[in-house]
Amino acid sequence: MTVDPEHGGRWTSLHAAGREWLWHHQDQTRFSVRPGDSFVDAGGLEECVPTVRGRPDHGAAWSRPWDGGYVNCGDFQLWRAISAGSVAYRLEAEPGYRFIWAAHALLDVSEDAVLEAPAGTETRIDGGAVEKWPTPLAALGPDDGTAVGAILVDCPTVTVSDGERLTFTLEAPGQPVSTALWRNLCGWPEVNPYRSIGVEPMLGRVFDLADAGPGDAAVVPPGGVCEWRLRVSAA
């Protein structure tokens, strides 16, 4: 894993099993963003916190320079320690602070790629439908002009199978753990659409913190510290 602390702590490379897994999108405006700006999609993996959708757009961390593995976002501070195949996180905020976090990973995968998750997992699809996994969204291509978001609820482990296999496992005792899917098969944006496949381990059960009902967001415990770990492996 390699990261760019100066520009939001974005992961710029995830190389495993003999290949690069992260997709990139060239947009020079990314290098001049400031807190409060609309999201600039550069690909890679973004640390989205305290929300994904809503305000601030894709969270508050991506638009700020990091000091190594640390970023101060005002209401909260986030630390990140990367080791081989594992990332440990620590968020400090007032007890009771609610947030969504997602490792917003945009992957460079082929039209044959498939997302594997436990059968029967509750899947909340944009537009309000709730289905059981697997659904047709499991196939990550070919491009068909659609763009759909979904959340696999209470799903801590998923695997992307594309010849090689990439597995994400999220560990966060006492917090809601899910996986978000952004399946954009050249359906977004309206002007000059492109393909981008997001597989996003997350704390929470919704994209937008403003939509979070009871149990749908992570909550900082009485000690003021929330910790979690993301494990990444490939074969």
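The values are calculated or read from the model by the stated rules, or taken from the named source; none is laboratory data. Values in this document were obtained by computation on a predicted structure and should not be read as measured data. Cβ: placed from backbone, ideal geometry, glycine included. Neighbour counts: every protein chain shown. With ligands, DNA and RNA removed, areas are computed over all heavy atoms of the protein, side chains included. Shrake-Rupley method; radii C 1.70, N 1.55, O 1.52, S 1.80 Å.
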Taking only protein heavy atoms into account and a 1.4 Å probe, give the accessible area per residue of the range 1-80 in Å².
44 Å²
Any idea how far the Cα center of the range 46-105 sits from the one of the range 181-235, in Å?
12 Å
With the charge dipole of the chain built from beta-carbon charges (+1 for Lys and Arg, -1 for Asp and Glu) about the Cα centre, the Cα from P50, G224, H25 projecting farthest to the positive end belongs to G224
Around V33: net Lys/Arg minus Asp/Glu count, Cβ-Cβ under 14 Å
-3
Taking the full set of protein chains and a 1.4 angstrom probe, give the accessible area of D211 in square angstrom, rounded to the nearest 10.
110 Å²
With +1 on each Lys and Arg Cβ and -1 on each Asp and Glu Cβ, how big is the dipole of the chain about its Cα centre, in debye rounded to the nearest 20?
400 debye
Considering only protein heavy atoms and a probe of 1.4 Å, how much of the accessible area of the range 63-129 is carbon and sulfur, as a whole percent?
47 percent
Given the whole protein assembly as supplied and a 1.4 Å probe, what does the accessible area of S233 come to in Å², nearest 10?
60 Å²
